[in-house]
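Everything below concerns the one structure shown next.
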Amino acid sequence: MLQAHGTQQYTRFHMQESQSAVAPFAPAPVTGVTGVRVQPGPIRLAVIDTDSGFVRVLAKRVGEMGWQHRVLTTPPRPEDLLSMRLHALIVDLALLGPHGWEFLEQVCESVPGLGVIVCTGTSSVAQRVRGLRIGADDWITKPCHPQEVIARVEAVVRRRKRSSPGGAGEDGPLMAGELEIRSDQFQAFVGGQSIDLTRREFELLHLLANARGRVLEREQIYQHVWGYAMVHGDRSVDVFVRKVRQKIERFSPDWIYIHTHFGIGYRFEPEAPDDDDAAEPAAEEIPSGA
Amino acid sequence: MSMLRSSSNGNGLLVLFEESGRNVERTGSLLRELLDHFPEHSSLARDILICEQEGDRITHDIIHEMTVHGSKLDQRDAYELARALDDVVDYAEETADSLELYGVEAPMEQAQELAGVLAGASEAVAAALTHLRAGDEVSTQLIEIHRLENEGDRISREAIASLFKSGTDPMVVIRWKDIFESLEQAIDSCETVAHVVEGMRLKQR
């Protein structure tokens, strides 16, 4: 059992949140497939802690740095964390009591791109090892200096950014078949000519292209491009994939870029007309109820 | 064009109800097509608006027929039937209008299913009114309308419940809750038609 830091009294699961748990921060344009927004911009951070002194100082400092932050005094559900579109989460496991490990495990599994930093009171080596093995990116023992916490958050976000698809070469053009995808212009080109994607169409293509060769589920695509959980039955992803395909086909008619995986989602893999498995017309249709 | 017919036995009124039924059927069919292919065939919303205007015209003709020429049909039944038929088309048009008004980018499968149910119920309404004018049995059509209404209820409830799962975009909830509800109201109005027609048949016996 983890001990609470100092004399702070921790209440389990019954405290009010200081802000809404589900409202997302202001939308940001481009995402990596792991759940972290990888474009330059302010870091979005949530802190689950009731240590008012620590939280106040930390909030003041990150606010001065232009970060977007929120303080939660109860553990949100993983899907709520997803909709907040965070880069990092600082959590005091002692606040969560015996459910702390379960919460940590759920968050690390369900929000794989989120940087998770445990910042808590005295703990044993076994507890710290357990936390890091579950998926926490860092473990800080209180009392700690807010500046160190901030530096560690930055380091975690930096590492996440590097390891996310497209993170390393974010601003460079991505070449795929005849297609040139330029995230610096939020546009794709064929032979130097813009294919006239809207912002959302670009984000969809960029996401798929950065996960080249991997099948992305519809729900996963929606979550990253729209920034919310997908409602069952929503055809937005299918409609936007169709739009993107149509626009690409106008300029690069002989290539196939986006492949449908029925009942699952889509995969980006440029295939030239003479590729062995390039022509699979049935696989390119949008399923009506997949 | 309007087909106002003078009649002392209510047949002119039944002809107008049959015309209204065909308008309901056309509206249901157009809405199903609009949602099945959304957003590609968005111009169908304009056709549905024309149906709505046509529905208003027929309702006006029905009231005129009742006022000027009278009818052996119970006036309250006739008025209720005219209103329910008008409601089907109005709610269908409201659905089509909401798609544009709310800037919907893509359909929901549940809305497509509900539009399919509405199209089926609208066909049954049209068939029932044709049979009513001809003096034929209408029970098959009325049973089908009740069945479809139950089906619509089930889809609508599940659809609305799905909107309130955690992490959903609040704008999606606002848009689709309204759209699901207007679709359900259109289907409910088909059931009102069935109830009124059932009552009229009972009085004829």
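The values are calculated or read from the model by the stated rules, or taken from the named source; none is laboratory data. Quick caveat, the model's predicted, so the values are computed rather than measured. Reconstructed Cβ throughout: ideal geometry from the backbone, glycine too, with neighbour counts over all protein chains shown.
Among B:Glu149, B:Glu113, B:Glu123, B:Glu105, which is the only one that is under 30 Å from A:Val239 (Cα atoms), at pLDDT below 95 and not aromatic (Phe, Trp, Tyr)? So the residue among B:Glu149, B:Glu113, B:Glu123, B:Glu105 that is under 30 Å from A:Val239 (Cα atoms), at pLDDT below 95 and not aromatic (Phe, Trp, Tyr) is B:Glu105. Which residues, taken from the range A:209-257, are over 20 Å from B:Glu40 (Cα atoms) and more than 22 Å from the chain's Cα centre (by Cα)? Passing the criteria: A:Phe251, A:Ser252, A:Pro253, A:Asp254, A:Trp255, A:Ile256, A:Tyr257. Evaluate the following for A:Glu201: is it of a type in the set (Asp, Glu) and farther than 25 Å from B:Glu109 by Cβ? Considered against the rule, which asks whether it is of a type in the set (Asp, Glu) and farther than 25 Å from B:Glu109 by Cβ, A:Glu201 comes out as no.
Looking across B:Ala111, B:Ala126, one residue alone is surrounded by 19 or more Cβ atoms within 10 Å (Cβ to Cβ), assigned to a helix (DSSP H, G or I) and within 14 Å of chain A (Cβ to nearest Cβ). It is B:Ala111. Annotation: of all residues in the range B:168-193 being without any contact (Cβ under 8 Å) to a residue 40 or more places away in the chain and more than 14 Å from chain A (Cβ to nearest Cβ), the one that is surrounded by the fewest Cβ atoms within 10 Å (Cβ to Cβ) is B:Glu181. Taking the criterion of being among the basic types (Lys, Arg) and in contact with a helix residue (DSSP H, G or I) (Cβ under 7 Å, 6 or more places away or on another chain), the only residue of the range B:164-205 that qualifies is B:Lys177. Screening A:Val237 on (1) modelled with pLDDT under 90; (2) within 14 Å of another protein chain (Cβ to nearest Cβ) shows it passes everything except condition (1). Considered as a group, the residues in the range A:217-234 that are small (Gly, Ala, Ser) and touching a residue at least 40 places away in the same chain (Cβ under 8 Å) include one that is nearest to the other protein chains (Cβ to nearest Cβ), and that residue is A:Ala229.
Counting only residues that are polar (S, T, N, Q) and more than 14 Å from chain A (Cβ to nearest Cβ), how many does the range B:145-167 have?
Looking only at that region, the number is 1.
Of the residues making up the range B:95-108, those that are surrounded by fewer than 20 Cβ atoms within 10 Å (Cβ to Cβ), touching a residue at least 12 places away in the same chain (Cβ under 8 Å) and more than 14 Å from every other protein chain (Cβ to nearest Cβ) are B:Asp97, B:Ser98, B:Glu100. Remark: pairs (first residue in the range B:110-137, over 21 Å from B:Ile160 (Cβ atoms); second residue aromatic (Phe, Trp, Tyr) and assigned to a helix (DSSP H, G or I); Cβ separation under 8 Å; 6+ apart in sequence or on different chains) = B:Leu129/B:Phe17; B:Leu132/B:Phe17; B:Arg133/B:Phe17.
Residues that are farther than 19 Å from B:Ala111 by Cβ, part of a helix (DSSP H, G or I) and polar (S, T, N, Q) within the range A:236-262 comprise just one, A:Gln246. Which fully enclosed helices (runs of 4 or more DSSP H) of the range A:40-123 have 2 or more residues being more than 18 Å from A:Glu154 (Cα to Cα) and among the aliphatic types (A, V, I, L, M)? Hits in the range A:40-123: A:78-84, A:93-96, A:100-110.
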